[in-house]
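**Student:** Have a look at this one before I ask anything.
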Amino acid sequence: MRTSALFENKPVFSFEVFPPRPNVPIESIYNTLDDLKDLTPDFISVTYGAGGSQPGASTAEICRRIQSEHNIPSIAHLPCINETKESVLQKLDDFRQKGIENILALRGDKNPELPPQNDFKYASDIIDFIAQNGDFDIAAACYPEGHPESPDLETDIAHLKEKVDAGASHLISQLFYNDRDFYNFREKLVQKGINVPVEAGIMPVTSKKSIERMVSLCGASIPKRLAKLMARYSSDPASLKAAGLEYAIMQILDLLENGADGIHIYTMNNPDVARYIMEQIKDEIDRP
Ligand code: FAD
């Protein structure tokens, strides 16, 4: 199923998972998916890392299993910075053979140890290429606070428009912790003529270390209220996790009240976190 069609029945609820790291047993991701399927997400997206993945648990293989074993639509992430046109064509072929119809087309982060190939410079280049070379539903990433390399939000939104014009049919946002940033961003998109659905990316704070790492990587800001929680529970990981989950639930409820097209939960392969959140918000949404 093409994931853009899901937004006809808003709001959409989706999860992100990642392939197991090399030191983690392959079965762990399939156990995670077994748990996540009971939460009936509208789709599950699977990341793709520049370092590759283990045989038997590639992004494409995990997507195939999500669809064939759990009957849930999947989106395969595809960063392009280290790809050539030929390697992308091979991946598109593999996707077709595995019945994958949806791609989150990305530039990818620059890795000093892996010199970029020259075929694709920006995500809009691969979106255009995929649109010319197949019948895929293409999603793209967006940044409510602006992409860290961008001089300002307006410039980043101008480039986001290029991704939509090239063929992206819906957007998934970077994590953010202040819903106001998302609303402000959404207004700017409408002003710039970007009218495709935008899912809000939510990453619950479950540990101080993980959130500091993520925030430094993606440039998201930490609002005062969350900073205070993190300071109050800095030496009490269990209470920090509980407060972080409550914060995420509060964010999601506010987003739903304000008509968000969808909520995309960065699960970090932790089904318990996703389950707790879905349990707490189920009264607000029309779901089993
Ligand atoms: P782009 O849209 O190409 O933007 C990158 C920068 O270039 C921005 O600053 C933009 O403003 C600028 N830009 C774009 N076009 C132009 C132009 N024509 N001229 C000048 N500047 C331009 N990374 C992975 O490696 N694997 C994943 O699976 C993955 N999944 C992700 C999922 C989501 C939902 C998100 C939000 C991010 C994900 N990322 C992933 C991270 C992503 O690859 C990085 O954020 C990367 O730095 C930017 O990717 P992009 O597709 O947004 O790039």
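The values are calculated or read from the model by the stated rules, or taken from the named source; none is laboratory data. Predicted, not measured: the structure shown is a model, and the values here were computed from it. Note that each Cβ is placed from the backbone with ideal geometry, even for glycine, and that neighbours are counted across all protein chains shown. For the accessible areas, the whole protein counts, side chains as well, though only heavy atoms, and no ligand, DNA or RNA atoms are used. Shrake-Rupley method; radii C 1.70, N 1.55, O 1.52, S 1.80 Å.
**Student:** Just to be sure I understand, how many residues within the range 92-106 are within 9 Å of the ligand (Cβ to nearest atom) and either acidic (Asp, Glu) or open to solvent by 30 Å² or more (accessible area, probe 1.4 Å) (or both)?
**Tutor:** The total comes to 1.
**Student:** Anything in the range 1-38 that is in contact with a strand residue (DSSP E or B) (Cβ under 9 Å, 6 or more places away or on another chain) and either open to solvent by 30 Å² or more (accessible area, probe 1.4 Å) or of a type in the set (D, E, K, R) (or both)? List them, or say none.
**Tutor:** The answer is MET1, ARG2, SER4, ALA5, LYS10, PRO11, GLU16, PHE18, LYS37.
**Student:** For SER235, all conditions in the list (1) under 24 Å from LEU153 (Cα atoms); (2) not in a helix (DSSP H, G or I) hold save one; what is the number of the exception?
**Tutor:** Status for SER235: all satisfied but (1).
**Student:** Of everything in the range 74-91, what is open to solvent by less than 20 Å² (accessible area, probe 1.4 Å) and over 19 Å from LYS121 (Cβ atoms)? Give them in sequence order.
**Tutor:** Listed by number, the residues that qualify are SER74, ILE75, ALA76.
**Student:** I'm trying to understand the selection: among the residues of the range 151-187, which are assigned to a helix (DSSP H, G or I), open to solvent by less than 20 Å² (accessible area, probe 1.4 Å) and near the ligand (Cβ under 8 Å from one of its atoms)?
**Tutor:** LEU160
**Student:** Would you point out which residue out of VAL190, VAL215, VAL273 is in a helix (DSSP H, G or I), open to solvent by 40 Å² or more (accessible area, probe 1.4 Å) and β-branched (Val, Ile, Thr)?
**Tutor:** Sole residue among the options that is in a helix (DSSP H, G or I), open to solvent by 40 Å² or more (accessible area, probe 1.4 Å) and β-branched (Val, Ile, Thr): VAL190.
**Student:** In the range 251-263, which residues are within 16 Å of the ligand (Cβ to nearest atom) and open to solvent by 20 Å² or more (accessible area, probe 1.4 Å)?
**Tutor:** ASP261
**Student:** Which one of these does GLU113 not meet: (1) more than 7 Å from the ligand (Cβ to nearest atom); (2) crowded, with 16+ Cβ neighbours inside 10 Å?
**Tutor:** Single failed check for GLU113: (2).
**Student:** Residues in the range 230-245: is at least one in contact (Cβ under 8 Å) with a residue 40 or more places away in the chain and over 16 Å from the mean Cα position of the chain (by Cα)?
**Tutor:** Yes, because at least one residue in the range 230-245 is in contact (Cβ under 8 Å) with a residue 40 or more places away in the chain and over 16 Å from the mean Cα position of the chain (by Cα).
**Student:** With within 14 Å of the ligand (Cβ to nearest atom) and either over 28 Å from HIS170 (Cα atoms) or among the hydroxyl-bearing types (Ser, Thr, Tyr) (or both) as the only criterion, which of TYR233, TYR247, TYR276, TYR266 stands out?
**Tutor:** Criteria check complete, one pass: TYR266.
**Student:** Please verify whether ALA248 is in a loop (DSSP other than H, G, I, E, B) and open to solvent by less than 20 Å² (accessible area, probe 1.4 Å), treating the condition exactly as stated.
**Tutor:** no
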